[in-house]
Amino acid sequence: MKVTKLVSTCDIKDCPTIYATDRGTLLVQGETPTDHGLRIPAHETLVEIPVELIQKAIRDNLI
C-alpha cells in the first residue's frame, strides 16, 4: 500500500494525521480512546482526532 500524508496538526510523527492510500481510502492517526463505552469488534479500532484536523483537510481541498 502506498501512503501519502495529507494533513497533520504538527510536523512530528506522534500527532493526529490523515493519510491517503493508493487504494482510494484514508488512514487516520490519533489517540486510542478507552472511555467510549462502545463495543468494537476485535478487527476494528477507534481513534480520536481533533475536529480542526478534518476542517483543515477540507479547507485545503485535500479530501
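The values are calculated or read from the model by the stated rules, or taken from the named source; none is laboratory data. If you're wondering where the values come from, they're calculated on a predicted model, not measured in any experiment. Quick reminder, even Gly has a Cβ in these numbers, built from the backbone with ideal geometry, and neighbours come from all protein chains shown. These accessible areas exclude ligands, DNA and RNA; they are computed on the full protein's heavy atoms, side chains included. Shrake-Rupley method; radii C 1.70, N 1.55, O 1.52, S 1.80 Å.
A few comments on the model shown:
- Of all the listed residues (Val47, Val28), the sole one being within 16 Å of Leu62 (Cβ to Cβ) and of a type in the set (Val, Ile, Thr) is Val28.
- Of all the criteria given as (1) within 15 Å of the chain's Cα centre (by Cα); (2) open to solvent by 70 Å² or more (accessible area, probe 1.4 Å); (3) among the aliphatic types (A, V, I, L, M), the one not satisfied by Ala57 is (2).
- Pairs, first within 21 Å of Thr17 (Cβ to Cβ) and β-branched (Val, Ile, Thr) in the stretch 29-51, second open to solvent by 60 Å² or more (accessible area, probe 1.4 Å) and not in a loop (DSSP other than H, G, I, E, B), C-beta under 7 Å, six or more apart: Val47/Val28; Val47/Glu31; Ile49/Val28
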